[in-house]
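Heads up: the structure comes next, in structure tokens.
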Amino acid sequence: MSIIRRKTIPMVLLTVLGLFTVFVYYVPIPSLVTVSNSLQMWVTVIVGFAIFLGAISLSIKEYTNVRKRGIAWSSSVWFFIILIGTIVLYLVSGGSGKEPYVTWFNALASPTDAAIWSTLALMIFAALFRVFRVRSWESTLLIGSMIIVLLTNATVGEATWSGFPQIGNWLLQVPSLGASRGAGILEQTALIILGMRIILGYDKRVM
Amino acid sequence: MIKQGQTFNLLLVIFATVVAIYFITTIKKTGKRPYIRPIPAVQALPELVGRAAEMGRPIHFAGGQGGLSSTWSSGIASIMNSLLVYGEIVRLAAPTNTRVIYTTGDTANLPVAEDIGLAAAVKAGHPEYKQDLRFISSNPRSYMSGIMGIVAREKVASQFSLLGGEETLTAVYIAAQVGAMQIGGTTFIPNASWYVTGSDYFLIGEECVALSAIFGEDPSMTGCIMGEDIVKIFYIILISLSAIAITAGNKAIINFLTM
């Protein structure tokens, strides 16, 4: 494939469609909005193809790993068992909302999902333990703030002293919110610049 | 004509773009890479790889459960940048044949990561370097359990992650459990606290986005960072003026911002 077809055409498409979508977002002319909505529907279709392509690529990779007895090749075998098993179960059931696919999902997938999710509770406590170690004046400051916020949310805090909720809410609504908004605004600015430099063709690494 | 309340936003997008393009073109003309504040997390990348090489244990690169096929702009930017860091880590790991386990929950990430890793290995002079790319699941909980297993079984020496979802804490916690050195970052600010608590070095918000300019071979990309700095100065002036005006009872700036 020539360099023009491989690089230039996708770049032109990206620039034209990218600028068009940005323009329509800010200047919503009804006829153009319809076109823009259609384009955004195409994104869903293209993403579907990307996932399909990824699944094929993954299958080839896992097959090669099994054939060559590569790293953790037994996991690759499991990949095929689960992939084929799920497809067969889906086809036998005749859809995702029908038996026995639903039973399999409710009996196996949902409880496993919930069990893994519940481990986060343990991890949050472990993370708190790490934070509560006084290593520097910054961490001391953090601990002080955390204790106040903890007492703000716990009933015992207000019962002990009515000032805890006031200080705690101030900490959450002024310094914490201000800092996170500041970081958020800067991040969004960086994203705008990143997006525009790709759309305008200054950064071609995505091609 | 312009959507209600979006006039200032549109002007801001135009301003940020024009400023960034000005610096990109200026640097392209002069060819001089501008000074960029050293980011400790970036400087520690050789240490991350070196530790794994010395210990003879692998590096875990948590690619996240989301990816290039998602429609979350911040997430895609994060993945794009994390893939560039993956390339950099492979470039550093290839000479010592240190294993880098790349895990992801998005099938679309795998071929891209494979290409970037191969290009990095070739650049390092080791095209024979064997990559270890693993797809786990697009389901966050499955991804979480997958990386818990891999990190614990392989007892990884170090971990790099740019995550934003619910898998963040799991990745940070399990790596801390096995005593791995960690560099991490997120564009999702509420999750930054997990990195602060568990990582040795961390990147917050715009630092994650700046990685693509730092690791790029084209020095003109650093013009974006200079452009961001100019926009930051504009923000500081605007916020200060707004605060003064509001305190004085003048709503002219607020009306302009919401016009």
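Within the range B:8-49, can you find the residues that are within 10 Å of chain A (Cβ to nearest Cβ) and basic (Lys, Arg)?
Answer for the range B:8-49, where residues must be within 10 Å of chain A (Cβ to nearest Cβ) and basic (Lys, Arg): just B:Lys28.
I need a count of the residues in the range B:121-141 that are without any contact (Cβ under 8 Å) to a residue 40 or more places away in the chain, within 16 Å of A:Trp78 (Cβ to Cβ) and not charged (D, E, K, R). Outline the logic, then answer.
So the first thing to find is which residues in the range B:121-141 are without any contact (Cβ under 8 Å) to a residue 40 or more places away in the chain, and the list is B:121-130, B:133-135, B:141.
When the remaining residues are screened for being within 16 Å of A:Trp78 (Cβ to Cβ), the result is B:134-135.
This time we only want the ones that are not charged (D, E, K, R), so: B:135.
Counting residues in the range B:121-141 that are without any contact (Cβ under 8 Å) to a residue 40 or more places away in the chain, within 16 Å of A:Trp78 (Cβ to Cβ) and not charged (D, E, K, R) gives 1.
Identify the residue in the range B:109-135 that is modelled with pLDDT under 85 and under 18 Å from the mean Cα position of the chain (by Cα) and, among all such residues, is surrounded by the most Cβ atoms within 10 Å (Cβ to Cβ).
Per the criteria, the residue is B:Asn109.
Check off (1) at pLDDT 80 or above; (2) surrounded by 14 or more Cβ atoms within 10 Å (Cβ to Cβ) for A:Pro111 and give me the number that stays unchecked.
(2)
State the number of residues belonging to the range B:180-189 that are out of contact with any Cys (no Cβ under 9 Å at 6 or more places or on another chain) and more than 7 Å from chain A (Cβ to nearest Cβ). Give the steps one after another, and end with the answer.
Let us first name the residues in the range B:180-189 that are out of contact with any Cys (no Cβ under 9 Å at 6 or more places or on another chain), namely B:180-184, B:188-189.
Add one more test, that the residue is more than 7 Å from chain A (Cβ to nearest Cβ), and what stays is B:180-184, B:188.
Counting residues in the range B:180-189 that are out of contact with any Cys (no Cβ under 9 Å at 6 or more places or on another chain) and more than 7 Å from chain A (Cβ to nearest Cβ) gives 6.
Only one of these is in contact with a Lys or Arg (Cβ under 7 Å, 6 or more places away or on another chain) and not aliphatic (A, V, I, L, M): B:Cys208, B:Cys224. Name it.
B:Cys224
Contact list please: Cβ distance under 9 Å, first residue in the range A:79-93 and loosely packed, with under 14 Cβ neighbours inside 10 Å, second residue outside any helix (DSSP H, G or I), pairs at least six apart or on different chains.
Partner pairs satisfying both residue conditions: A:Val92/A:Pro100.
Taking A:Ser59 as the residue in question, decide whether it is touching a helix residue (DSSP H, G or I) at 6+ places or on another chain (Cβ under 6 Å) and assigned to a helix (DSSP H, G or I).
When the stated conditions are applied, A:Ser59 does not pass them.
Of all residues in the range B:124-170, which are facing another protein chain (nearest Cβ under 9 Å) and part of a loop (DSSP other than H, G, I, E, B)?
Result: B:Lys130, B:Ser138, B:Asn139, B:Glu166.
Applying the selection to the range A:116-140, what residues are of a type in the set (A, V, I, L, M, F, W, C), over 31 Å from the mean Cα position of the chain (by Cα) and at pLDDT 80 or above?
Answer for the range A:116-140, where residues must be of a type in the set (A, V, I, L, M, F, W, C), over 31 Å from the mean Cα position of the chain (by Cα) and at pLDDT 80 or above: just A:Trp137.
May I ask you to list the residues in the range B:137-158 that are surrounded by fewer than 22 Cβ atoms within 10 Å (Cβ to Cβ) and of a type in the set (A, V, I, L, M, F, W, C)?
B:Met148, B:Ile150, B:Ala152 - these are the residues of the range B:137-158 that are surrounded by fewer than 22 Cβ atoms within 10 Å (Cβ to Cβ) and of a type in the set (A, V, I, L, M, F, W, C).
Listed residues A:Gly144, A:Gly95, A:Gly157, A:Gly85; which is of a type outside the set (A, V, I, L, M, F, W, C) and not in a helix (DSSP H, G or I)?
A:Gly95
Return the total of residues in the range B:209-236 being touching a strand residue (DSSP E or B) at 6+ places or on another chain (Cβ under 9 Å) and either more than 8 Å from chain A (Cβ to nearest Cβ) or outside any helix (DSSP H, G or I) (or both).
Here the count works out to 1.
Looking at (1) facing chain A (nearest Cβ under 10 Å); (2) of a type in the set (Gly, Ala, Ser); (3) surrounded by fewer than 21 Cβ atoms within 10 Å (Cβ to Cβ), find the lone condition where B:Gly198 falls short.
In the conditions (1) facing chain A (nearest Cβ under 10 Å); (2) of a type in the set (Gly, Ala, Ser); (3) surrounded by fewer than 21 Cβ atoms within 10 Å (Cβ to Cβ), B:Gly198 misses (3) alone.
Is the range A:109-126 home to any residue that is within 14 Å of chain B (Cβ to nearest Cβ), of a type in the set (Asp, Glu) and assigned to a helix (DSSP H, G or I)?
Scanning the range A:109-126, I find at least one residue that is within 14 Å of chain B (Cβ to nearest Cβ), of a type in the set (Asp, Glu) and assigned to a helix (DSSP H, G or I), so the answer is yes.
Residue check: is A:Val35 modelled with pLDDT under 80, part of a helix (DSSP H, G or I) and not assigned by TED's automatic domain parsing to the domain that holds A:Met146?
No, not satisfied.
Can you confirm whether the range B:238-251 contains a residue that is basic (Lys, Arg) and within 11 Å of chain A (Cβ to nearest Cβ)?
Within the range B:238-251, none of the residues are basic (Lys, Arg) and within 11 Å of chain A (Cβ to nearest Cβ).
The values are calculated or read from the model by the stated rules, or taken from the named source; none is laboratory data. Fair warning: this is a prediction, and the values are worked out from it, not measured in the lab. Methodologically, a virtual Cβ is constructed for each residue, glycine included, from the backbone with ideal geometry; neighbour enumeration extends over all protein chains shown.
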